[in-house]
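Report on the structure given below.
Any read-out appearing in this document is the output of simple, stated calculations on the displayed coordinates, not a laboratory observation. These figures come from a predicted structure and were not determined experimentally. With ideal geometry, Cβ positions are generated from the backbone for all residues, glycine too; neighbour counts draw on all protein chains shown.
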Amino acid sequence: MGSSEIRVRRAVRGDVGAIVGLSAVLFREDAGRRDPSVNLDWPREEGHGHFADLVAGETSVCLLAEADGGVVGYLAARVREGTGLRPVRVAELESMCVRESQRSRGVGTKLVEEFIGWAGSRGAARLSVTAYAANERAIRFCERFGFRPRSVSLERGV
């Protein structure tokens, strides 16, 4: 990334506003282009409470990437306990966004590497992430870390 070092740290309550702002970018860029049924105002309407809970949770984490004196990306994740059907602990990468000006500079890689370490320290046996099928760039990115398609969800309007 040139002269600017990327630092990843665990978010604290005071960081929730920055996370919500990046979540709004994610919603506009990803769901806004690919899913007309998504409420694009969700980050503004419910994001503060949602991310505050993740930041404070014992089985969840929000990570921030900082560079050039500011927040340039975030990743939100949680660990889910196994069920009778699938009795393994799974760490789910719930959402992630890197500012457009910082993409392809290793920010996302550092966030995901930190997530993988966090998941392992929480005893996760599997990692999970969901991406829109049309978001080929996100899918290729996740595949670099060993993620592979497990199932396909098909939808249509009524």
Across bins of 10 angstrom width beginning at 0, how are the C-alpha pair distances of segment 2-55 distributed, in whole percent? 24, 41, 27, 9, 0
In deg cm²/dmol, rounded to the nearest 500, the helical mean residue ellipticity at 222 nm of the chain, built from -39500 (n - 2.57) for every DSSP H run of length 4 or more, is -8000 deg cm²/dmol
Under the definition of Cα pairs under 8 Å and six or more residues apart, what whole-number percent is the relative contact order of the chain? 21
Hey, can you rank 149-157, 27-35 by average C-beta count inside 10 Å, highest first? 27-35, 149-157
Of P43, G69, Q102, which is farthest on the positive side of the dipole of the chain, counting Cα position, with +1 on Lys and Arg Cβ, -1 on Asp and Glu Cβ, and the Cα centre as origin? Q102
Express in nm, to one decimal, how much length is gained between R7 and V38 on full extension, taking 0.36 nm for each residue of separation and deducting their alpha carbon distance. 8.0 nm
Which value, in debye to the nearest 20, describes the size of the charge dipole of the chain about its Cα centre when Lys and Arg Cβ atoms bear +1, Asp and Glu Cβ atoms bear -1, and nothing else is charged? 520
Which percent of Cα pairs goes in each bin when the distances of the chain are cut into 10 angstrom slices starting at zero? 10, 38, 39, 12, 1, 0
Taking +1 at the Cβ of each Lys and Arg and -1 at the Cβ of each Asp and Glu, which of L54, L85, V12 sits farthest along the dipole of the chain towards its positive end, judged by Cα position relative to the Cα centre? L85
What per residue convex hull volume, in Å³, do the alpha-carbon atoms of segment 20-95 yield? 121
